[in-house]
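Read-outs: derived from the displayed coordinates by stated rules, not from any lab. The structure presented is a predicted model; accordingly, all values stated were derived computationally and were not measured. Heads up, the Cβs are rebuilt from the backbone with ideal geometry, glycines too, and the neighbour counts pull from every protein chain shown.
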Amino acid sequence: MSAPVLELSGVTREHRQGDLVVHALRGADLTVAPGELVAVMGASGSGKSTLLHIAGGLDTPTAGQVLVEGQELTRLSAAALAAVRRRSVGYVFQDLNLIPALTAVENVSLPRELDGVRGRQARAEARAALDEVGIGELADRFPDEMSGGQQQRVAIARALVGERRLLLADEPTGALDSTTGEEVLRLLRARCAAGAAGVLVTHEARHAAWADRVLFLRDGVVVDTSGPVTGAESLLPAGGGA
Amino acid sequence: MSIRHGLLALLERGPSHGYQLRAQFDSATGATWPLNVGQVYTTLDRLERDGLVAQDGAPDGSPDGEGRIAYRITDAGRAEVRTWFGSPVGSRAAPRDELAIKLALAVTTPGVDVLAVVQTQRSATMSTLQELTRLKVREAADDLAWSLVLDSLVFRAEAEIRWLDHCEARVARAAARRPTVPPAAATPAPEAAPAGKRGRR
């Protein structure tokens, strides 16, 4: 197996409010290899968004290690961390954050241009990313000229553009209907199959089921992990019955 | 649904007669699955034969003044109850009712880690859901009829998980209102999650 893209070990995140210490995450471990999609489930407040933010370098753990493509994020300078965030990590949030005054291709090429890539090359990469998510022909439309599912594809293309190998998605199917939501998952799944590593936070079991592994968080602790069953024997009750 | 396990779980709380067991079972499960007393005694006979319960009281098993025989659970019976609470209900082999009954008994049996019971089931159902999704992607992509059948199983499994989420939230809320936990009559399943460390928000 190739080297993991993401490795969290013993990650703890505390928030202090006066004398009160709230543990958003306690001793969480998670390793994601290229080609893998891992879903994280849990009730609100279980720590699943905190886990995603820490994995993407948007939040810093109180204890533990976070490695993205072998780089320990907590030891990086602010500038180096920002570079990892721009170059290695793609984010898809429920709130798409598309810029309404920019076309699809401009929205997707913006992060590359901010990263110092020349305009012409950035736009070529953006068109390729839009092709990959199946909306190449909509490249010159503005967000409000597209359906919710198409806008979500633009957001995913923006997360994929360049050489980013870690894809972090927080409720990416948000307000989409069930068929469109499924297309978004199909796309994430396909991207991971093509070599990216993905982490998907969701409260929908039907969406989490697209992942290779599902982590269950409760009060900041990983309480269980499930993978797909592979044979009829595991569908039988283990305890025996009458 | 296994009457055996239901009765064993009730006997975990203390020795009982057949009539009492039937009444306790009905009250624990909201009488959604009424037992007749014949079923109860037949099951108790088999449990005794298998060494999971024993007659309580006089060594010769003589009935009390009203002609009733009380039963108590044995160590082997306790182990059987722990195994039952610790294992998920199969999605094919057992009707869904067993899950509702198992949870109803879990919340009323002292010492059972209900959240661990919920999580065991949720993981098992999630595994089934993952497998159904894989089937859909790999094999049913171009077959609308099969794909829709798989969808029906997907939605059913999803509904079960949603209900388990709901149970977990209800149990956590009830636990927060009741600060002291009653003394444990049974040890929780060995794979139980560290429920004791749960924070209170």
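Computed from point charges on the beta carbon alone (+1 for Lys and Arg, -1 for Asp and Glu), the dipole magnitude for the protein assembly as shown about its Cα centre is near 860 Debye. Residues in segment A:69-84 carry Karplus couplings, in order, of 6, x, 9, 7, 5, 6, 9, 7, 5, 4, 5, 5, 5, 4, 5, 4 Hz; the curve used is 6.51 cos²θ - 1.76 cosθ + 1.60 with θ = phi - 60°, and Gly or Pro positions show x. On the beta carbon distance between B:Thr42 and B:Val137, with R0 = 30 Å, the FRET formula returns roughly 0.05.
Longest stretch of chain A clear of exposed loop sites (trypsin sites (Lys or Arg not before Pro), DSSP loop, at most 16 other Cβ atoms within 10 Å, sites excluded): A:1-117. Evaluated with a Cβ-only charge set (Lys, Arg +1; Asp, Glu -1), chain A carries a dipole of roughly 520 debye about its Cα centre, given to the nearest 20. For peptide A:208-214, the mean count of partner chain Cβ atoms within 10 Å of a residue's Cβ comes to 6. Could you let me know the centre-to-centre spacing of segment A:1-48 and segment A:55-127, using Cα atoms, in angstrom? Taking the Cα centre of each part, segment A:1-48 and segment A:55-127 sit 20 Å apart.
Rounding to the nearest 10 and keeping the result within 0 to 90°, find how far the Cα-based axis of helix A:148-160 lies from the longest principal axis of chain A. The two axes meet at around 90 degrees.
Taking other Cβ atoms within 10 Å as a rough exposure proxy, B:Cys167, A:Cys192 sort from fewest to most as B:Cys167, A:Cys192. Which of rounded, prolate, oblate describes segment B:113-181, given a ≥ b ≥ c as roots of the alpha-carbon gyration tensor eigenvalues and a/c under 1.5 marking rounded, otherwise prolate only if a/b is larger than b/c? The shape class here is prolate. Ranked by how many other Cβ atoms sit within 10 Å of their own Cβ, fewest first, the residues B:Tyr71, B:Tyr41, B:Tyr19 fall in the order B:Tyr19, B:Tyr41, B:Tyr71. Of the residues B:Val118, B:Ala175, B:Ser152, the one whose Cα sits farthest toward the positive end of the charge dipole of segment B:113-181, with +1 on the Cβ of Lys and Arg and -1 on the Cβ of Asp and Glu, is B:Ala175. Taking the charge dipole of the protein assembly as shown about its Cα centre, with +1 at Lys and Arg Cβ atoms and -1 at Asp and Glu Cβ atoms, the residue from A:Ala124, B:Trp84, A:Trp210 reaching farthest to the positive side is A:Ala124.
Once backbone amide H atoms are built at 1.01 Å from N, A:Ala196 has A:Gly35 as its partners under 5 Å, excluding neighbours fewer than 5 places away on the same chain. Against the empirical curve 2.2 N^0.38 Å, the C-alpha radius of gyration of the protein assembly as shown lands at a ratio of 1.18. The ranking of A:His203, B:His5, B:His166 from fewest to most other beta carbons within 10 Å of each one's beta carbon is B:His166, A:His203, B:His5. DSSP beta bridges confined to chain A are antiparallel in about 55 percent of cases. The mean number of Cβ atoms from other chains found within 10 Å of a Cβ in peptide A:41-54 is 1, as a whole number.
Relative to the dominant Cα principal axis of chain A, helix A:178-193 is inclined by about 90°. Placing +1 on the Cβ of every Lys and Arg and -1 on the Cβ of every Asp and Glu, with nothing else charged, gives segment B:87-161 a dipole about its Cα centre of roughly 140 debye.
Across peptide A:182-189, the average count of Cβ atoms from other chains found within 10 Å of a residue's Cβ is 1. Using C-alpha pairs under 8 Å with a sequence gap of at least 6, the mean separation divided by the residue count of segment B:3-86 gives a relative contact order of 37 percent.
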